[in-house]
1. Looking for whichever is touching a Phe, Trp or Tyr at 6+ places or on another chain (Cβ under 7 Å), on the phi < 0 side of the Ramachandran plot and not aromatic (F, W, Y) here; the options are I320, I338, I363, I342. Which one fits?
2. Name the residues in the stretch 168-193 that are of a type in the set (S, T, N, Q), modelled with pLDDT under 95 and surrounded by 10 or more Cβ atoms within 10 Å (Cβ to Cβ), would you?
3. Just to be sure before I move on: is K272 out of contact with any Phe, Trp or Tyr (no Cβ under 9 Å at 6 or more places or on another chain) and more than 16 Å from the ligand (Cβ to nearest atom) in the structure I sent?
4. I'm trying to understand the selection: among the residues of the stretch 242-252, which are in a strand (DSSP E or B) and closer than 18 Å to F303 by Cβ?
5. Applying the selection to the stretch 148-158, what residues are part of a helix (DSSP H, G or I) and either of a type in the set (K, R) or closer than 17 Å to Y209 by Cβ (or both)?
6. Identify, from the list L113, L18, the residue that is in contact with a Lys or Arg (Cβ under 6 Å, 6 or more places away or on another chain) and surrounded by 23 or more Cβ atoms within 10 Å (Cβ to Cβ).
7. Within the stretch 199-241, track down each residue that is in a loop (DSSP other than H, G, I, E, B), within 30 Å of A295 (Cβ to Cβ) and hydroxyl-bearing (S, T, Y).
8. Which residues, taken from the stretch 70-102, are of a type outside the set (S, T, Y), in contact with a strand residue (DSSP E or B) (Cβ under 9 Å, 6 or more places away or on another chain) and closer than 24 Å to D5 by Cβ?
Amino acid sequence: MKIRDLENVLEKWAPLSLQEDYDNSGLLVGDRNKDISSVLVSLDVTEDVIMEAIKKNANVIVSHHPIIFKTLRSLTGKNEVERCVELAIKNEVALYAIHTNLDKISGGVSFALGNALGLLNMKILSQDISKMYHLVTHVPKDFSERVSESLFNAGAGKLGNYDQSKFVVSGKGSFRPLESSRPFKGEIGILEEQDEDRIEVLVAPEFKYQVERALFESHPYEEISYAWIELSNFDTNKGFGAIGDLPVEHSEEEFIKKIKKILNLKSFRYTKSRNGMINKVAVCGGAGVKLLSDAIASNCDAFLTSDISYHTFFDAKKRIFLADIGHWESEQHTIDLIADYIRSKMTNFAVTKTESNTNPIIIS
Ligand SMILES: [Zn+2]
């Protein structure tokens, strides 16, 4: 197994094209053609985490936060970022980040937090408003299944809770190969007829590149006709945050106890809820306060996220139970999420979770 194979598995789950403009997810350090010895999963990359990887003979670290985030102008060891990058290169430890692309998929970072809190009927809190596409192409009948399968494997055909959706109509295509052509069938200068299927498959925008590449790899024609058509359907399965219901109604006090127990918190900051009872809960792992209005508009009783400023609490007071549960604390379940996913898809190497607590904030 090469590092490239791990990239493919992770990017089929959380495509890089989903990441925000400011982000820097993907392979940041390392040679993708190297074999994987083992993988270490962490929220952050620190010098301790890299030393742990070296000790455990792991040559890939998959982290949620990208170590290279702002422009890296030098490698002189003047701060931890520069020292980490240097240490990783010297010891041939590859660094891979899966950040806002993992925040935005259904079942991603916020869902891991929601699951830990026992939320039911979870869905995306703030949906991306990207439109879906149809890929339309004509394929010789005998190759119809092969091409469809290849498109599905590249991410086509998914809408909501459905996959492998396509529309096929059969007909007759024709072409005349000209000088210098290398036709799939027929002779130069002679009109050729071919039984063809017109295939139409749904494609979410983040899979367009992979699906188009799969089309070219699986289609037998030298010249392929295809079209991308923008649909009116929105992809409702991508976006930040998650929303769900508690299995039973909680009083504010019960909910506070639950949060402390599950997230292992001594204390946290919050505002009072509108009526003292909590049923519907919104969560966003990491700094998600920009979703406060979505949580209020969705009629949530509570919204849990991190990095909330003093004045933002005024916006929430008596409208929604707004809680700052800490950045690391809100994303702690992401380590299990990533490790379990890699283990479920790749069994040829060991996947371990970091033993270092990378949270730089101490609460006393
Ligand atoms: Zn974060």
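The values are calculated or read from the model by the stated rules, or taken from the named source; none is laboratory data. The structure presented is a predicted model; accordingly, all values stated were derived computationally and were not measured. Don't worry about glycine lacking a Cβ; one is built from the backbone with ideal geometry, like all the others, and counts go over all protein chains shown.
1. Details: I338 fails: touching a Phe, Trp or Tyr at 6+ places or on another chain (Cβ under 7 Å); I363 fails: touching a Phe, Trp or Tyr at 6+ places or on another chain (Cβ under 7 Å); I342 fails: touching a Phe, Trp or Tyr at 6+ places or on another chain (Cβ under 7 Å).
Only one candidate passes the filter, namely I320.
2. The initial filter retains those residues of the stretch 168-193 that are of a type in the set (S, T, N, Q), namely 170, 174, 180-181.
Checking which are modelled with pLDDT under 95 leaves us with 174, 180-181.
Across the stretch 168-193, the qualifying residues are S174, S181.
3. Numbers: out of contact with any Phe, Trp or Tyr (no Cβ under 9 Å at 6 or more places or on another chain): no; more than 16 Å from the ligand (Cβ to nearest atom): yes.
Answer is no for this residue.
4. Looking only at the stretch 242-252, we keep the residues that are in a strand (DSSP E or B), and these are 242-251.
Matches in the stretch 242-252: A242, I243, G244, D245, L246, E249, H250, S251.
5. Initially, the stretch 148-158 is screened for residues part of a helix (DSSP H, G or I), giving 148-153.
Those that are part of a helix (DSSP H, G or I) and either of a type in the set (K, R) or closer than 17 Å to Y209 by Cβ (or both): S150, L151, F152, N153.
6. Working: L113 fails: in contact with a Lys or Arg (Cβ under 6 Å, 6 or more places away or on another chain).
Result of the check over L113, L18: L18.
7. Kept after step one, since they are in a loop (DSSP other than H, G, I, E, B), are these residues of the stretch 199-241: 204, 219-225, 235-237.
If we keep only those that are within 30 Å of A295 (Cβ to Cβ) as well, we get 204, 235-237.
Within the stretch 199-241, just T236 meets the criteria.
8. Quick first cut of the stretch 70-102, residues of a type outside the set (S, T, Y) only: 70, 72-73, 75, 77-95, 97-99, 101-102.
With in contact with a strand residue (DSSP E or B) (Cβ under 9 Å, 6 or more places away or on another chain) added as a condition, the list becomes 84-85, 88-89, 93-95, 97-99, 101.
Answer for the stretch 70-102, where residues must be of a type outside the set (S, T, Y), in contact with a strand residue (DSSP E or B) (Cβ under 9 Å, 6 or more places away or on another chain) and closer than 24 Å to D5 by Cβ: V85, A88, I89, V93, A94, L95, A97, I98, H99, N101.
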